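In what follows, a single structure is set out as C-alpha cells and then discussed.
The values are calculated or read from the model by the stated rules, or taken from the named source; none is laboratory data. Computed from a predicted structure; not experimentally measured. Please note: Cβ atoms are built from the backbone with ideal geometry, for glycine as well, and neighbour counts cover all protein chains shown.
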Amino acid sequence: MNWTKAERSWFQFLILISLFTIILLLQQSCNHGVQSPGKFEIYTEAIDPHPDSTANWEAVLPGLNASVGSIDLRYLKSFIPELTINKDWQGTAWRGEKISAQLVLWSKDPVAQIECNFSDFVSEDGKSLSSDVARARFVRYVLTDEFAEGCSNRTPEAYPVFLYPDALDNVSSFDIEGETARPVWITIQVPAEAVPGVYTSSMQLTAQGQESQHFRFQLEVLPQLLPPSSEWNFHLDLWQHPWSIARIYQVEPWSPEHWEIIRPYAKMLADAGQKVITTSVIEKPWGTQTEYGFESMIQWTKKADGSWVFDYTIFDNYVQFMIDMGVNRQISCYSLIPWTNELVYYNETAAQNDTVFIEPGSSAFVELWTPFLKAFRIHLEEKGWHKITNFAMDERDGESMQKMLNMMDELAPDFGIALADSRNAFDILPYLKERDS
C-alpha cells in the first residue's frame, strides 16, 4: 500500500493506542503483603535475536540493581541500562487521574522471587491514600519488527525481528535471568475524592538472597478533578474479539465461564473511555486476516420457502453486556463489505452452510442484504439501539463504498456508516456529509 505521511502517522498513532490497550487489558496489581515464596506462573520469552554483544556485564555491580527510569524509553533486555541510580520519584496528578512511572531492574547474575510492595501514601498533615492506589507490573518482552510501510506481508530478510518490552504480566513475583534487564511498570490511580496535597509512599523491592531496597514515591495531588471516563468526549474505538478470549482461556464461546472472563476486559475498556461495541453481523468480515477469524453474532438462515430468519441471540447478549459495563455510545456492525466479499448462511433445504460471493453494487449484493437490513432495522428499533448503530467497513476502496452507500440510500438511509480507511475512500466524505445532512 502507498501511504501518505499523514496516513502513516495516523496509523502509527492507532498502533500505539492498541499497545496501550494491551497494557490496560493485562494489568493487575502486585501483592502488597510480606514477601512469601508463593506460586506463580512464568511463560518463556523468545531468545533475543539481536543481543548487545558489546555489553560488559562483568563491570556491573553484583546483586540486583534498580533505578527509577523514564516512561518515555524502552529498556532492552540484553542491554545494560544507561542509568544513574535514582530511588526517588516525583509526580503530579489531578484527582481521578492515573499516572505512570517505570522502574528498571538489571543484574549480571540470576535473581529470584522479586516483589514490590507499596506503603500507604501519607501527607505531612496526616492525610493518606491507600497503598492499593499503586500497581507494579513486570514488563515482558515480545518479538516485533519495524512499522515500515504499515500492514503488509512480511519477510524476515526485509524486516529484521527484535525483542521489545511490551506486555505487562499479572504475576506478583518474578525471577530474572543473569545479564538481563527487566522494567517494572507502575501506575498510580488517584482517587477522585483525594484531598489535594503532597503524599509520600515507600516502595519496598525484595528478592531472594538480596537486601531490601526502598524507593521514595512523592505524589502531588492537584485540586483539579478528572471526570469519570463515562463523561469523556474522546472517541475511543478499540476493536474487541470475544472469540479470541474464549480461545486463549480454552472455554466454550458464550458459556457462563466465557462471560465472566470477558467482564474484567470490558470494565477496563470502559474505564479507558471506550465508546464503541464491536459486533460482527456476518462470518469472518476480515476473512482470515485476523488469523483467528471472527464468527457472526447473528445466525442467517434461509428457509425452504425462500424466506429468511435471523437469530440475534448472541448479538443482543453481547451488546447488552457491553452497555451494562459502560460502553454505550455506538454499536459498529462489521461488515457490509467484508474483505473477501463472501457471505455465509445456513441453507435449510440443503441442511448445510452455503457461501456466496457478493460483489458490491451487484444485484446479488442488493438481493442478499435487503431482507437482513429490513429485519435488522425493526429489531434494533425494538431494542432501542437504532440511533447508536453504524454499519462499519474496514479499508474498503472508494468505488465499493460508493456502491454500498447507493444501496443504503435506497434501503436504509437512516443507518449510520463507519469506516477505518487506508485506501483513500475518504474522497467520498463530501457525499457522506451531504447524506447525513
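For segment 90-103, does any single residue satisfy the condition of being under 23 Å from the mean Cα position of the chain (by Cα), surrounded by 16 or more Cβ atoms within 10 Å (Cβ to Cβ), assigned to a strand (DSSP E or B) and among the small types (Gly, Ala, Ser)?
Yes, segment 90-103 contains at least one residue that is under 23 Å from the mean Cα position of the chain (by Cα), surrounded by 16 or more Cβ atoms within 10 Å (Cβ to Cβ), assigned to a strand (DSSP E or B) and among the small types (Gly, Ala, Ser).
Testing residue 356 on (1) of a type in the set (Val, Ile, Thr); (2) buried (at least 18 other Cβ atoms within 10 Å of the Cβ); (3) over 22 Å from residue 254 (Cβ atoms), one condition comes back false. Which one is that?
In the conditions (1) of a type in the set (Val, Ile, Thr); (2) buried (at least 18 other Cβ atoms within 10 Å of the Cβ); (3) over 22 Å from residue 254 (Cβ atoms), residue 356 misses (2) alone.
Restricting attention to segment 305-313, does a residue exist that is more than 30 Å from residue 268 (Cα to Cα), touching a Lys or Arg at 6+ places or on another chain (Cβ under 8 Å), assigned by TED's automatic domain parsing to the domain that holds residue 272 and modelled with pLDDT under 95?
First, the residues of segment 305-313 that are more than 30 Å from residue 268 (Cα to Cα): 305-310.
Those left that are additionally touching a Lys or Arg at 6+ places or on another chain (Cβ under 8 Å): 308-309.
Filter again for assigned by TED's automatic domain parsing to the domain that holds residue 272, leaving 308-309.
Subset that is modelled with pLDDT under 95: none.
For segment 305-313, residues more than 30 Å from residue 268 (Cα to Cα), touching a Lys or Arg at 6+ places or on another chain (Cβ under 8 Å), assigned by TED's automatic domain parsing to the domain that holds residue 272 and modelled with pLDDT under 95: absent.
Out of curiosity, is residue 80 assigned to a loop (DSSP other than H, G, I, E, B), in contact (Cβ under 8 Å) with a residue 40 or more places away in the chain and among the aliphatic types (A, V, I, L, M)? First the steps, then the outcome.
Values: assigned to a loop (DSSP other than H, G, I, E, B): yes; in contact (Cβ under 8 Å) with a residue 40 or more places away in the chain: yes; among the aliphatic types (A, V, I, L, M): yes.
So residue 80 passes the test.
Evaluate the following for residue 252: is it without any contact (Cβ under 8 Å) to a residue 60 or more places away in the chain and of a type in the set (D, E, K, R)? Before the answer, list the steps.
Values: without any contact (Cβ under 8 Å) to a residue 60 or more places away in the chain: yes; of a type in the set (D, E, K, R): yes.
Against the criterion (without any contact (Cβ under 8 Å) to a residue 60 or more places away in the chain and of a type in the set (D, E, K, R)), residue 252 qualifies.
Can you name every residue in segment 134-166 that is in contact with a helix residue (DSSP H, G or I) (Cβ under 8 Å, 6 or more places away or on another chain), modelled with pLDDT of 80 or more and either in a loop (DSSP other than H, G, I, E, B) or buried (at least 19 other Cβ atoms within 10 Å of the Cβ) (or both)?
137
All but one of (1) within 20 Å of the chain's Cα centre (by Cα); (2) in a loop (DSSP other than H, G, I, E, B); (3) not β-branched (Val, Ile, Thr) hold for residue 296; which doesn't?
(1)
Residue-by-condition table, conditions (1) surrounded by 19 or more Cβ atoms within 10 Å (Cβ to Cβ); (2) among the charged types (D, E, K, R); (3) under 25 Å from residue 288 (Cα atoms):
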| residue | (1), (2), (3) |
| --- | --- |
| 378 | no, no, no |
| 397 | no, yes, yes |
| 410 | no, yes, no |
| 417 | no, no, yes |
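Within segment 179-214, work out how many residues are under 30 Å from residue 80 (Cα atoms) and assigned to a loop (DSSP other than H, G, I, E, B).
Adding up the residues that qualify gives 7.
Within segment 219-260, restricting attention to residues that are assigned to a helix (DSSP H, G or I) and among the hydrophobic types (A, V, I, L, M, F, W, C), which residue is farthest from residue 387 (Cα to Cα)?
Residues of segment 219-260 assigned to a helix (DSSP H, G or I): 229-231, 242-249, 256-260.
If we keep only those that are among the hydrophobic types (A, V, I, L, M, F, W, C) as well, we get 243, 245-246, 248, 259.
On the way: 243: 27, 245: 29, 246: 30, 248: 34, 259: 26 Å.
Filtering first and then ranking leaves 248.
Hey, can you tell me all the residues within segment 34-78 that are closer than 19 Å to residue 174 by Cβ, modelled with pLDDT of 95 or more and among the aromatic types (Phe, Trp, Tyr)?
75
Out of all the residues in segment 207-228, is one or more within 28 Å of residue 128 (Cβ to Cβ), buried (at least 18 other Cβ atoms within 10 Å of the Cβ) and modelled with pLDDT under 95?
no
Taking interchain pairs and intrachain pairs at least six residues apart, which have beta carbon atoms under 7 angstrom, with the first residue in segment 289-302 and more than 17 Å from residue 318 (Cβ to Cβ) and the second assigned to a loop (DSSP other than H, G, I, E, B) and among the acidic types (Asp, Glu)?
301/348; 302/348
Determine whether segment 74-86 contains at least one residue that is of a type outside the set (Phe, Trp, Tyr), within 19 Å of residue 202 (Cβ to Cβ) and surrounded by fewer than 20 Cβ atoms within 10 Å (Cβ to Cβ). First the steps, then the outcome.
Within segment 74-86, the first condition is being of a type outside the set (Phe, Trp, Tyr), and the residues that meet it are 74, 76-78, 80-86.
So of that shortlist, the ones also within 19 Å of residue 202 (Cβ to Cβ) come out as 85-86.
Those left that are additionally surrounded by fewer than 20 Cβ atoms within 10 Å (Cβ to Cβ): 85-86.
Yes, segment 74-86 contains at least one residue that is of a type outside the set (Phe, Trp, Tyr), within 19 Å of residue 202 (Cβ to Cβ) and surrounded by fewer than 20 Cβ atoms within 10 Å (Cβ to Cβ).
Condition first: at pLDDT 90 or above and among the basic types (Lys, Arg). Now tell me which residues in segment 361-402 satisfy that.
374, 377, 383, 387 - these are the residues of segment 361-402 that are at pLDDT 90 or above and among the basic types (Lys, Arg).
Residue 263 versus (1) assigned to a loop (DSSP other than H, G, I, E, B); (2) not assigned by TED's automatic domain parsing to the domain that holds residue 70: which is the lone unmet condition?
Going through the list (1) assigned to a loop (DSSP other than H, G, I, E, B); (2) not assigned by TED's automatic domain parsing to the domain that holds residue 70, residue 263 breaks only (1).
Name the single residue that is surrounded by the fewest Cβ atoms within 10 Å (Cβ to Cβ) among those in segment 324-342 being farther than 30 Å from residue 229 by Cβ and touching a helix residue (DSSP H, G or I) at 6+ places or on another chain (Cβ under 6 Å).
Residues of segment 324-342 that are farther than 30 Å from residue 229 by Cβ, as a first pass: 336-342.
Next, from what is left, pick out any that are touching a helix residue (DSSP H, G or I) at 6+ places or on another chain (Cβ under 6 Å): 336-337.
Details: 336: 26, 337: 23.
Out of the qualifying residues, it is 337.
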